[in-house]
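Working notes, structure below.
The values are calculated or read from the model by the stated rules, or taken from the named source; none is laboratory data. Treat the numbers as computed from the prediction; the structure is a model and nothing was measured. Please note: Cβ atoms are built from the backbone with ideal geometry, for glycine as well, and neighbour counts cover all protein chains shown. What goes into the accessible areas is simple: the full protein's heavy atoms, side chains included, and nothing from ligands, DNA or RNA. Shrake-Rupley method; radii C 1.70, N 1.55, O 1.52, S 1.80 Å.
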Amino acid sequence: MKKRKVNLRDLKTTEHSNGHNHDHAGNTSIIKTYLPAIFSFIMLMIGIALDYFETYSFFDGWIRIIWYIVAYIPVGFPVIKEGWKSIIKGDFFTEFFLMGIATIGAFSIGEYPEGVAVMLFYAVGELFQGAAVKRAKGNIKALLDLRPDQALVYRNNSFIAVSPEEVKIGEKIQVRVGEKVPLDGELISEKGFFNTAALTGESKPYSLKKGKSVFAGSINLAGVIEIEATKEFKDSSIARILNLVQNATARKSKTELFIRKFARIYTPIVVYLAIGLTLLPYFFVDDYVFRDWLYRALIFLVISCPCALVISIPLGYFGGLGAASRNGILFKGASFLDSMTKINTVVMDKTGTVTKGVFKIQDLVTDQIFTKVEFMKYLIAIEEQSTHPIAKAILEYKTEGEGFKATDVSEIAGKGLKGIVNGKTILVGNKALLISNQINVSTEIDNIVESIVLVAIDGKFAGYVTVADELKDDAHQAIKEIRAAGITKIIMLSGDKDSITQKVAKQLGIDWAKGGLLPEDKLEEVEKLKKLPGTKVAFIGDGINDAPVLAVSDIGIAMGGLGSDVAIETADVIIQTDQPSKIAKAIKIGKSTRSIVWQNIALAFGVKVIVLALGAGGLATMWEAVFADVGVALLAILNAVRLQRMNWD
C-alpha cells in the first residue's frame, strides 16, 4: 500500500495507491461523513432483530437479501470501487480486494448479516483512522496557521498589502499588533516584543532590540514595528520548517518500510492459502462440504487483512514526529526517530551548545590607585575603538558619567591596543603587551583559564578583567537528563582553548573533553569513536563550523535551527530553542515512539495468528474475524494516538 503523504498547503491526507481517502475535512460535514456507516448500522441492527425474533414471515427470501444488500451498499460500494480501481492499475492484493471478496463471498453462502458487519466495522475503522491522523496533525496545522497571508511592504511612499512571496530582500515591511511577521528580517524599529511559541515550543515572549533578527511566523505583541526583509519567503524560517515537516513524513523508518514490503508479500500468500483452504480439504476430508470450507476461507481472508500494521505503524511514527515538533524538536524523518533510540555516545561542541556563545565580564580586579568605575572608564574608552568580540563584551559594562575619550589609539598586532585617555597612556591587551613595555605583571594571572584583558596606566599595572562565555541556564540539567536517558558516555570537543574546555567539562561532569580543535580535528575524533565496536554517536553543534561532523555522525543534532541555514541542511535533528536539555527529550520521544510501534506489531501479529488458527480449524466465526482485523486495527490506532498525550518532562 502506498505511503501516506502530508500536503502542508491544504492539509489533506492523500490516498493509498488504491485511491482511498481517509480525510473527512473540508466542506463535507461530520454528519455527512458518518451518515453511510450510521445508515448501514441501523439497517443491520433491524435485520438482525427481524432474524432473531422469526415472527415476521415477510422477512424472508428476496426481501431479506435485498434488505441486507441495501445495508451493505453505503459502506461496501466505496471499498469495492477502490478495489476495482486498484485491479485496473495492476495492484490486486490490497485491503479493499480482501474485504470485497470476503464480504461478497459471505453473501454468496447466505451469511448476509456477517457480510454487512465485516464491511461496516471496516468502514468504521477507516473513519477512526481518519480522525486519528487528523488529530496527529494538530501541531502541524498550528504551523500552517502561522503561514502569513500578506505582507505590508513600503512602496511608492506608502505601505501596500502584497503576498509574502512577492517581497524582495531589502524591502521595508510593517507589522501591526497581533499580526504575524511575514518574512525573516532585521528589526528597524527601536524594539519589539514577539511570541515565537509555535516556532520554538517556548511560551515565553521575546523582547528584541533594533538590528536583531526576527523570524517569519513570530507574532508581534506590542506596537507597530518595521522590519527589513533579509530573506525571500521561500527561504524564511517558517517555510523551511513546513517543508522539513512535510519531508519528514515521507522519510520512512526501516521498521515502517519492512512492514510495507512484508504486507505486499504477505497479502497474496494468504489469498492463495484461502483458496487452498477452500479446495484442498476435498482430497483429504471424507465429509467435505464446500460451503463450510469456503466460510473458513472467508474468515481467513478477513483476519489476514494487514490494516492494523499498515495503518498504525506510520501513524505511530507520525505521532512521534508531531510530538517532537510540538516540543521544539524537528526530526527530518521517522528513520531518525529510530536511530535516536540506538545512540549510546553523545559528543557536543561547547560554544553555542552548552554555553550561550556570548562573552561577558566574569571578574574585575584593580590595584588600589583607581576605583573600579575609573578603571572601567579608561578601559572602555580604548575598547570603543575595537571590533573584537571581547571588546563588545567589555562595552556591555555600564558606567555612569562621561568625559573619557581616547585619542591616538593604535593596534599592536597579536598583543592589544595603545592610546591616550585624558592625558594618560593606556595599554590594553595580553601579558606580552605589558612585558614588551617593561611593565611588571603578577604571576597569579598565569593560573586564570578564562580570556583575560590586562590594563596598564602610565606605565603601571592597573588591573585586569576576565571575559568568558556563560553556561546556558539548563546546561547542568541537560547533562543529567542525557545520562538518565541511557547515554553511557558524554564527550565535549571544542575549538576554544583546552584550559577553558576542560573547566566547562568539569563544571558539567562531562566524561572526557578536548579543546583547541579545528573542524577537521573534531571530524577525526568522531570518526575514531564510530570505529569502536557497538558505538553509536550523536554529535551536537551549532550547525555552522560543525557541519562536517554533523554530516558524518550517526545522528547530527543542530542547536539554533531557526538561525542557521547549515543546521537545516546538514543536521538530522533540529533543536529550535537552543536548549541542550531538549536532547534528552528527543531521545525519550524516539524511545516512546519505537515502543508503541513494536507494541502494535506484537498486538497485530499475536491476535491474527491465534484467530487465523481458530478460523482454519472452524472454531472462529466471522465475528471473531472482524475483531481480529478491525478491532485490532482500532486498538493499534488508539495506542499510537497515546503519543499525542505523553509528557516527557
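In this rough spin-label picture, where each label sits 7 Å from Cα along the Cβ direction, the residue 234-residue 289 distance is 6.9 nm. The Rg/Rh ratio for the range 436-479, using Cα coordinates for both the radius of gyration and the Kirkwood hydrodynamic radius, is 1.21. Rounded to the nearest 20, the size of the Cβ-charge dipole of the range 445-529 about its Cα centre is 300 debye, with Lys and Arg at +1 and Asp and Glu at -1. Using the alpha carbons alone, the radius of gyration of the range 72-133 stands to its Kirkwood radius in an Rg to Rh ratio of 1.00. Each Lys and Arg contributes +1 and each Asp and Glu -1, all at the Cβ; summed about the Cα centre of the range 259-360, the dipole is approximately 880 debye. As a ratio to 2.2 N^0.38 Å, the alpha-carbon radius of gyration computed for the range 601-649 takes the value 1.45.
Relative contact order for the range 589-647: 46 percent, from Cα pairs under 8 Å spaced at least 6 residues apart, divided by residue count. Distance distribution P(r), the range 258-368, all Cα-Cα pairs, bin width 5 angstrom from 0: 2, 8, 10, 10, 10, 8, 7, 7, 6, 6, 5, 4, 3, 2, 2, 2, 1, 1, 1, 1, 1, 0, 0 percent.
Overall, the accessible surface of the range 495-636 at a probe of 1.4 angstrom is composed of carbon and sulfur to the extent of 60 percent.
In plain terms, the C-alpha convex hull of the range 483-556 casts an average shadow of 4.9 nm² when viewed from every direction. Share of pairwise Cα-Cα distances greater than 24 Å in the range 404-509 is 44 percent (whole percent).
Roll a 1.4 angstrom probe over the protein heavy atoms and tell me the percent of accessible area of the range 276-350 that is carbon or sulfur. Carbon with sulfur: 62 percent of the solvent-accessible area. According to the Kirkwood relation over distinct C-alpha pairs, the hydrodynamic radius of the range 382-446 is 13.0 Å.
For the range 509-649, the share of alpha carbon pairs falling in successive 5 Å distance bins from zero is 2, 9, 13, 13, 13, 10, 8, 7, 7, 6, 5, 4, 2, 1, 0 percent. Hey, with R₀ at 41 Å, roughly what FRET efficiency would residue 162 and residue 358 work out to, going by the Cβ-Cβ distance, to 0.05? Result of the calculation: an efficiency of 0.65.
For the pair residue 551 and residue 644, the difference between a 0.36 nm per residue extended length and the Cα-Cα distance amounts to 30.5 nm. Under 5 Å from the amide H of residue 355 lie the amide H atoms of 472, each residue being 5 or more positions distant or on a separate chain, with H modelled from the backbone and absent for Pro and chain starts. Across the range 361-374, coupling constants 3J(HN,Hα) worked out from phi with the 6.51/-1.76/1.60 Karplus curve, θ = phi - 60°, read 5, 9, 8, 9, 10, 10, 7, 8, 6, 10, 6, 4, 5, 5 Hz, and Gly and Pro carry x.
Determine, from the Cβ-Cβ distance of residue 476 and residue 432 and an R0 of 25 Å, the FRET efficiency 1/(1 + (r/R0)^6), rounded to the nearest 0.05. After rounding, the FRET efficiency stands at 0.10. Evaluating 6.51 cos²θ - 1.76 cosθ + 1.60 at θ = phi - 60° for every residue in the range 285-295, the Karplus couplings come out as 10, 5, 9, 5, 10, 3, 4, 5, 6, 5, 4 Hz, glycine and proline recorded as x. Take every Cα-Cα pair in the range 463-519 and report what % of them are more than 19 Å apart. Considering the range 463-519, 35 percent of its Cα-Cα pairs are separated by more than 19 Å.
Shown here for the range 384-479: GluC sites (Glu not before Pro) in loop regions (DSSP other than H, G, I, E, B) with at most 10 other Cβ atoms within 10 Å, namely 400, 402. Compactness ratio for the range 337-492: Cα radius of gyration over 2.2 N^0.38 Å (N = residue count) comes to 1.35.
Placing +1 on each Lys and Arg Cβ and -1 on each Asp and Glu Cβ, with no other charges, gives the range 511-643 a dipole about its Cα centre of roughly 660 debye. Percent of Cα pairs in the range 30-114 per distance bin of 10 Å, from zero to the largest separation: 17, 41, 30, 11, 2.
Once the 1.4 Å probe is applied to the protein heavy atoms, the range 273-339 comes out at 34 Å² accessible per residue.
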